[in-house]
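Read through the structure below, which is laid out as structure tokens, and then see the notes.
Every number here is computed from the coordinates shown, using simple stated rules; none is lab data. Source: prediction; values computed, not measured. When we count neighbours, we look across all protein chains shown, and the Cβ atoms used for this are built from the backbone with ideal geometry, even at glycine.
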Amino acid sequence: MLDCDDFKKVNDRVGHAGGDAVLRTVARRIAATLRAGDVLARIGGDEFLVLLPEATPEAAHIAAERVRLSVASEPVAVSHEDISLTVSVAMVPLDENVHTLEHLLDRSRDALRTSKEQGKNRVTDGARASVSRQREELTDLLEHDGFGAAAQPIVTTHGAEPVGVELLARQLSPPFSPPTAVFRAAMEEGMLAIVDEHVLGVCLAAAKRIVAPGRRHVNLYPSTLLTMSADRIDALFGGWPRRHPLVVELSEQQLLGDPVELLPNLTRLRSHGVQISLDDVGFGRTSLETLLVVEPEIVKIDASFIRGVHADEARRRWLSRLVRVARSLGATLVAEGIEQSGEVEVVESLSIEWCQGFFFAEPELVD
């Protein structure tokens, strides 16, 4: 990965049109140093990515140095201006642990950041680049089975009969607590897809071990699903035992951008008999477009709508309206975060079929 050093100064000096001309020259110089089978792509404003198939670390380092020197070899003439330019370069090995483009880019940007911090106009080997303490802790959790799964039952509103369980990721040792802190740290370190896919595997394995009846619910960030290849989805979800229907919960509050982009992978999931649940519906601002596009089989109403609803008439009206919208889609409804008997009574009066919360049971770690 290459990033032009201080490129904002170039745009300030010759304008964006002049900056584009400089980038075209940079691209030509890079391409001139590459082999016939190598691939060059521009992936951002002044960021480029070069793929070097079947290159040894030594050959990759030589290629990276050629690229760096070619860009800095002579000034670029633009609008009667001579623009001197350098690039910072990071080289990262591809291995069997890289499943997505996002993972590759995260690794590369970490190494590139090191190049910038050490003075720019240099090549950094990503395999040796320094990493933050937080990133080291996350990597340690991933490599040493630091995650487990806890199961919380989902029950019928009337009678509290079990209809399934939700598998929730849990950290088995410090330093991150509560569980949400792990994902927040993963976001900050650009490791969300890696961590999310790993704990998905942990939860799927746990879901096969437990003996509780009914559905198995597992969670997945929409952004992670978006980066998964069809082969990866097949590997994770293919051959699931049909006696326990599998449900993938996508958090509505994490759905950013156009939900249509998710449709190919949602179709792939459903081809394996997987149902889709839209989670946290009602948190902040629910998008009607998301509900219509995703067409979830299950809608989980966020705890913020449920909490204290029996003592708040306005909240009860909001919940009633949300229920009518969700029911028009033909989805089964689940009320999350039930903690009091009064909440159960309101939920039952609105004919919400299923419930989940501490009132019924807390999550318990799966052995």
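Here is the list for region 45-139: GluC sites (Glu not before Pro) lying in DSSP coil, each with at most 10 other C-beta atoms within 10 angstrom of its C-beta, are Glu54, Glu96. So the label point goes 7 Å from the Cα of Leu94 along Cα→C-beta, right? Which residues of region 13-40 then have their backbone N under 16 Å from it? Hits in region 13-40 for Leu94 at 16 Å: 35-40. Gain on full extension, evaluated as 0.36 nm per residue between Glu74 and Lys9 minus their Cα-Cα distance, stands at 21.6 nm. Using every pair of distinct Cα positions in region 136-252, the Kirkwood expression returns a hydrodynamic radius of 15.1 angstrom. Over the chain, the Kirkwood radius and the radius of gyration, each from Cα atoms, give a ratio Rg/Rh of 1.07. For Thr124, the amide hydrogen comes within under 5 Å of the amide hydrogens of Val89, Ala90, Met91, counting only partners 5 or more places away or on other chains and with H modelled in the peptide plane. Taking each residue as 0.36 nm, the span from Ser341 to Val325 lengthens on full extension beyond its C-alpha to C-alpha distance by 3.3 nm.
Expressed in Å, the radius of gyration and Dmax of the Cα atoms of region 199-248 are 11.2, 32. In this structure, Leu292 and Thr267 have a Cβ-Cβ separation that, at R0 = 25 Å, corresponds to a calculated FRET efficiency of about 0.95. For Lys8, the lysines whose Cα comes closer than 21 Å to its Cα, not counting residues fewer than 8 places off in the same chain, are Lys116, Lys120. Among the trypsin sites (Lys or Arg not before Pro) found in region 100-204, those both in a DSSP coil and sparsely packed, with 13 or fewer other Cβ atoms within 10 Å of their Cβ, are Arg128. Every Cα-Cα pair in region 244-318 was counted, and those over 17 Å apart are 48% of them. In a DSSP loop and with at most 14 other Cβ atoms within 10 Å, the chymotrypsin sites (Phe, Trp or Tyr not before Pro) in region 332-367 are Phe358. Backbone N atoms of region 315-357 closer than 17 Å to the 7 Å Cα→Cβ label point of Ala212 belong to residues 334-339, 354-357. Relative to its Kirkwood radius, the Cα radius of gyration of region 300-367 gives an Rg/Rh of 1.00. Rounded to the nearest Hz, the phi-derived 3J(HN,Hα) couplings of region 350-367 under the Karplus curve 6.51 cos²θ - 1.76 cosθ + 1.60 (θ = phi - 60°) are 8, 6, 6, 5, 10, 9, 7, x, 5, 4, 9, 5, 8, x, 10, 4, 7, 5, where x marks glycine and proline. Here each label is just a point 7 Å from Cα along the line to Cβ, and for Gln118 and Arg42 those points are 2.8 nm apart. If R0 is taken as 45 Å, the Cβ-Cβ distance between Ala160 and Ala181 corresponds to a FRET efficiency of 0.90. For a straight C-alpha distance cut-off of 16 angstrom, the aspartates and glutamates reachable from Lys208 (same-chain residues fewer than eight places away being disregarded) are Glu166, Glu364, Asp367.
Rounded to the nearest whole Hz, the Karplus-based 3J(HN,Hα) values (6.51 cos²θ - 1.76 cosθ + 1.60, θ = phi - 60°) of region 19-36 follow the sequence x, 4, 5, 4, 5, 5, 5, 4, 4, 5, 5, 5, 4, 5, 8, 8, 7, 4, with x at glycine and proline. Near Arg170, the amide H atoms lying under 5 Å from its own belong to Gly148, Ala149, Ala150; only residues 5 or more places off or on other chains count, and H is placed 1.01 Å from N.
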